[in-house]
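Contents: one structure, followed by commentary.
The values are calculated or read from the model by the stated rules, or taken from the named source; none is laboratory data. Note that the structure is a prediction, hence the values are computed from the model and not measured. Cβ atoms come from the backbone with ideal geometry, glycine included; neighbour counts cover every protein chain shown.
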Amino acid sequence: MHPRDWIEVRPQGVWCKAGDFYIDPMQPVERAVVTHGHADHARPLRRRSRGRGAAAGLGETVEIGDVRVSLYPAGHILGSAQARLEYAGSSIVFSGDYKRRPDPICVPFEPVPCDVFVTEATFALPVFRHPPLEDEIAKLLASLMQFPERCHLVGVYALGKCQRMICALRAAGCTETIYLHGAMVRLCKLYKSFGIALGPLELVTPENANALAGRIVLCPPSALQDRSSRKLPSVVMAAASGWMRIRARAKQKGVELPLVVSDHANWDQLTQTMVDVSAPEVWVTHGRDDALVYYAQQHGFKAQALHLLGYEDDSE
Ligand SMILES: [Zn+2]
Ligand SMILES: [Zn+2]
């Protein structure tokens, strides 16, 4: 039976009729398979639902009703997975968010054969070509050398991007203490508990803030303009995001040092992934879906946009 007969888009999100559960629902529901911990994919379960969350490992298969659900690596952030659903002789893969660049923190994305491949399209325009991470890290370190009297405040998404930036800075030879906004501390601890070495980290406090000249401070993008940031000495405002490719966007956010660092597939990787997975049919969840659907159709795939609302592309 074709997945279109047992997968349905509902206001709450994508619903698997055959097993009565949602995949990355956009609203609280009773039962869901969640690909990763970003807020736009992992809504809390509805309060009256009795079940608690259960974590399944990569390579594991669980049965939900008559549906076999298996998880494969997505290479997006720590613990991110693709979910392959198999029912009545056909299969569909929900890739969640993914990237193809090597990342020492997560298991690389694995193309999984299926009848329908469901993909994101956050950066699905040819203009989005993410440069090597090392180049962007070098830019940040060069700016620190050039302006040792200025604090470098870098906006990074707290889950995933923050820890990836820290690891990349360490790999580039930065051994100094990196300072963290309060929102990051717990998640960094979590990464450390999974054996990911992040080196010396410290919380920014009102007491130490004015002594952070020449230091790197990481904060959520939303905190770049915070009152607390004004205590930092002569701030260079930076941000690490795939969106920094768009100059106007950086300018509008007051970002002086844009760093193009993304945990999503860029245009080349999205199109290459379609070829690698080579499912005859592609469904596109969120982002620049029209561009990717058009590309897919031009290249012999059956393709459609699911027009899912509620996934944010800013969680990047
Ligand atoms: Zn994500
Ligand atoms: Zn997403």
Subject >> Criterion violated by G199 - all others in (1) more than 17 Å from A240 (Cβ to Cβ); (2) within 19 Å of the chain's Cα centre (by Cα) satisfied >> reply: (2)
Original post:
When you scan the stretch 238-291, how many residues do you find that are assigned to a strand (DSSP E or B) and of a type outside the set (D, E)?
Top reply: 12
Original post:
Within the bounds of the stretch 297-306, is there any residue that is away from ligand 2 (no atom under 15 Å from the Cβ) and touching a Lys or Arg at 6+ places or on another chain (Cβ under 9 Å)?
Top reply: no
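Kindly evaluate A56 against the criterion of being farther than 18 Å from F117 by Cβ, in the same structural domain as D289 (by TED's automatic domain parsing), more than 16 Å from ligand 1 (Cβ to nearest atom) and modelled with pLDDT under 95.
Values: farther than 18 Å from F117 by Cβ: yes; in the same structural domain as D289 (by TED's automatic domain parsing): yes; more than 16 Å from ligand 1 (Cβ to nearest atom): yes; modelled with pLDDT under 95: yes.
Judged against the criteria, A56 is a match.
Identify, from the list G155, G160, G195, the residue that is on the phi > 0 side of the Ramachandran plot, out of contact with any Phe, Trp or Tyr (no Cβ under 8 Å at 6 or more places or on another chain) and surrounded by 14 or more Cβ atoms within 10 Å (Cβ to Cβ). Can you show your working first?
Numbers: G155 fails: on the phi > 0 side of the Ramachandran plot; G195 fails: surrounded by 14 or more Cβ atoms within 10 Å (Cβ to Cβ).
Matching residue, one of G155, G160, G195: G160.
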Original post:
How many residues does the stretch 230-257 contain that are touching a residue at least 12 places away in the same chain (Cβ under 8 Å), in contact with an Asp or Glu (Cβ under 9 Å, 6 or more places away or on another chain) and more than 16 Å from ligand 2 (Cβ to nearest atom)?
Top reply: 8
Subject >> the stretch 104-161, subset within 15 Å of the chain's Cα centre (by Cα) and among the polar types (S, T, N, Q), residue nearest to E176 (Cα to Cα) >> reply: T122
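Okay, residues lined up against (1) on the phi < 0 side of the Ramachandran plot; (2) surrounded by 22 or more Cβ atoms within 10 Å (Cβ to Cβ); (3) small (G, A, S); (4) touching a strand residue (DSSP E or B) at 6+ places or on another chain (Cβ under 7 Å):
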| position | (1), (2), (3), (4) |
| --- | --- |
| A54 | yes, no, yes, no |
| T61 | yes, no, no, yes |
| G65 | no, no, yes, no |
| Q82 | yes, yes, no, yes |
| E86 | yes, no, no, yes |
| V112 | yes, no, no, yes |
Original post:
Assuming L308 fulfils every condition listed in (1) at pLDDT below 95; (2) more than 16 Å from ligand 1 (Cβ to nearest atom); (3) aliphatic (A, V, I, L, M) apart from one, which condition is it?
Top reply: (2)
